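One structure is given below, encoded as structure tokens.
The values are calculated or read from the model by the stated rules, or taken from the named source; none is laboratory data. Just so it is clear, the structure is predicted and the values come from calculations on it, not from any experiment. In this analysis, Cβ positions are derived from the backbone assuming ideal geometry, glycine residues included, and neighbour counts consider all displayed protein chains.
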Amino acid sequence: HSGEHFEGESVFRVNVEDENQVSLLHKLAGTTEIDFWKPDSVAQIKPQSTVDFRVKAEDVFTVEDFLERNKLQYEVLINNLRLAFEGQFDSHVR
Amino acid sequence: ATGHSYEKYNTWETIEAWTQQVSTENPGLISRSAIGTTFEGRTMYLLKVGKAGPNKPAIFMDCGFHAREWISPAFCQWFVREAIRTYGREIHMTELLDKLDFYVLPVLNIDGYIYTWTKNRMWRKTRSTQAGTTCIGTDPNRNFDAGWCKVGASRKPCDDTYCGPAAESEKETKALANFIRSNLSSIKAYLTIHSYSQMMLYPYSYDYKLTENSAELNALAKASIKELATLHGTKYTYGPGATTIYPAAGGSDDWAYDQGIKYSFTFELRDKGRYGFVLPESQIRPTCEETMLAIKHLARYVLEHP
């Protein structure tokens, strides 16, 4: 894989309760480069749902700080994306 | 197709060679054709799977819309494997392939799929370029003429849900749409395979309105995911796209339905986020085995309800 290495990148899952928290995620997406996994884009976030997104290594702490300061409930689905990529090739066939 | 394995993620070169090999080795069951070329000039191969015969009803199934959703092309390969392996041995598959044809498009977004292997594993869109921007690609599942760019899609070329400069602007979506338009009389169902979320969705996504046969689609989805769950207990949700996941215009399932294909579904395969797009290869087999049960249930229903 000659491309990007994704070292230290993380995937977050945020539980979105209400419209205020939808707005907060819009705000976060406006200041930080975010790759939305589910839903496909920030425009499709709605209350009472979960949002999965990937952030670059250098933004992980900023994002965690933002989520905690704004009391958004979250979990880290994938801590280090590069390790997840290596782990995906786990077929016994290999 | 040296190195090809149904339990591995295969590169496009391997998949391309595999399409040649399975059609050459199974001439009475599989034929290969080309429905067009991608933006970067690669041939889009379509496999017709079914006992050769005239005027058979057909089901169209595509994989690999979004480049990073690697489990999707893996399922289309697995489906062909099961057709070859069980035709003439397993009664249901034998009946299905005697009476139906399956058009299987292993990878729609070939350029994007290759890019995820060589440059950026997280790429989603096509790799098309256009004047006026340095940003690359269109979301193929926002590019169909179905409420095009009305909701849940972006008109900004740099966005991941960019709907393109026009409906069917992408060579890949145009090729798929042209093939379906040319074979509408025989195609009775359209299935498009994505990941992740474990959902079975039916039209509409571009609007909150329901289809005229939504009760039938709902019952069929419910029964299909019940079949799916019997093998490994995997739980799926189901329903119309707009309310079950989110409104999104320009999707291929809505477009196929509005073309008159009354059985149109989007599958979002495993998982629910533990690995997301990076589903380990060790889950290819269980994911594909359970999905086969849903697809075969669907196909039987289509056969019984012409």
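In the range B:134-149, of all residues being without any contact (Cβ under 8 Å) to a residue 60 or more places away in the chain and among the polar types (S, T, N, Q), the one that is farthest from the other protein chains (Cβ to nearest Cβ) corresponds to B:Thr134.
Those residues that are surrounded by fewer than 23 Cβ atoms within 10 Å (Cβ to Cβ) and part of a loop (DSSP other than H, G, I, E, B), I need them from the range B:51-67; list them, please.
Kept after step one, since they are surrounded by fewer than 23 Cβ atoms within 10 Å (Cβ to Cβ), are these residues of the range B:51-67: B:51-58.
Once the filter is applied, which keeps residues that are surrounded by fewer than 23 Cβ atoms within 10 Å (Cβ to Cβ) and part of a loop (DSSP other than H, G, I, E, B), the range B:51-67 yields B:Lys51, B:Ala52, B:Gly53, B:Pro54, B:Asn55, B:Lys56, B:Pro57.
Within the range B:100-120, the set of residues being part of a loop (DSSP other than H, G, I, E, B) and within 17 Å of B:Leu176 (Cα to Cα) comprises B:Pro106, B:Val107, B:Leu108, B:Asn109.
What is the one condition in (1) of a type outside the set (S, T, N, Q); (2) out of contact with any strand residue (DSSP E or B) (no Cβ under 6 Å at 6 or more places or on another chain); (3) not in a helix (DSSP H, G or I) that B:Glu268 does not satisfy? The number of the failed condition is (2). Among the residues of the range A:47-94, just one is in contact with a strand residue (DSSP E or B) (Cβ under 9 Å, 6 or more places away or on another chain), facing chain B (nearest Cβ under 10 Å) and surrounded by fewer than 14 Cβ atoms within 10 Å (Cβ to Cβ), namely A:Glu75. If you check A:Ala43, A:Ala29 for being surrounded by 15 or more Cβ atoms within 10 Å (Cβ to Cβ), facing another protein chain (nearest Cβ under 10 Å), without any contact (Cβ under 8 Å) to a residue 60 or more places away in the chain and farther than 17 Å from A:Glu75 by Cβ, only one passes: A:Ala43.
Which residue is nearest to B:Asn55 (Cα to Cα), if the candidates are limited to the range B:154-198 and must be basic (Lys, Arg) and either in contact with a Cys (Cβ under 9 Å, 6 or more places away or on another chain) or assigned to a loop (DSSP other than H, G, I, E, B) (or both)? Among those residues, the one meeting the criterion is B:Arg155. Residues of the range B:46-67 that are more than 18 Å from B:Leu97 (Cα to Cα) and aromatic (Phe, Trp, Tyr): B:Phe65 alone. Given (1) of a type outside the set (A, V, I, L, M); (2) modelled with pLDDT of 95 or more; (3) in contact with a Pro (Cβ under 8 Å, 6 or more places away or on another chain), identify the lone condition not met by B:Phe102. If we test B:Phe102 against (1) of a type outside the set (A, V, I, L, M); (2) modelled with pLDDT of 95 or more; (3) in contact with a Pro (Cβ under 8 Å, 6 or more places away or on another chain), just (3) comes out false.
How many residues, within the range B:274-304, are closer than 16 Å to B:Leu217 by Cβ and either touching a residue at least 24 places away in the same chain (Cβ under 8 Å) or within 13 Å of chain A (Cβ to nearest Cβ) (or both)? Residues in the range B:274-304 being closer than 16 Å to B:Leu217 by Cβ and either touching a residue at least 24 places away in the same chain (Cβ under 8 Å) or within 13 Å of chain A (Cβ to nearest Cβ) (or both): 8 in total.
Being closer than 25 Å to B:His305 by Cβ, crowded, with 18+ Cβ neighbours inside 10 Å and at pLDDT 95 or above, is that true of even one residue in the range B:8-23?
No, the range B:8-23 contains no residue that is closer than 25 Å to B:His305 by Cβ, crowded, with 18+ Cβ neighbours inside 10 Å and at pLDDT 95 or above.
The rows are residues; the columns are (1) within 14 Å of chain A (Cβ to nearest Cβ); (2) in contact (Cβ under 8 Å) with a residue 24 or more places away in the chain; (3) small (Gly, Ala, Ser).
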{"site": "B:Val151", "(1), (2), (3)": "yes, yes, no"}
{"site": "B:Cys158", "(1), (2), (3)": "yes, yes, no"}
{"site": "B:Tyr162", "(1), (2), (3)": "yes, yes, no"}
{"site": "B:Ala167", "(1), (2), (3)": "no, yes, yes"}
{"site": "B:Glu170", "(1), (2), (3)": "no, yes, no"}
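Of all residues in the range B:114-126, those being within 13 Å of another protein chain (Cβ to nearest Cβ) and touching a residue at least 12 places away in the same chain (Cβ under 8 Å) number 9.
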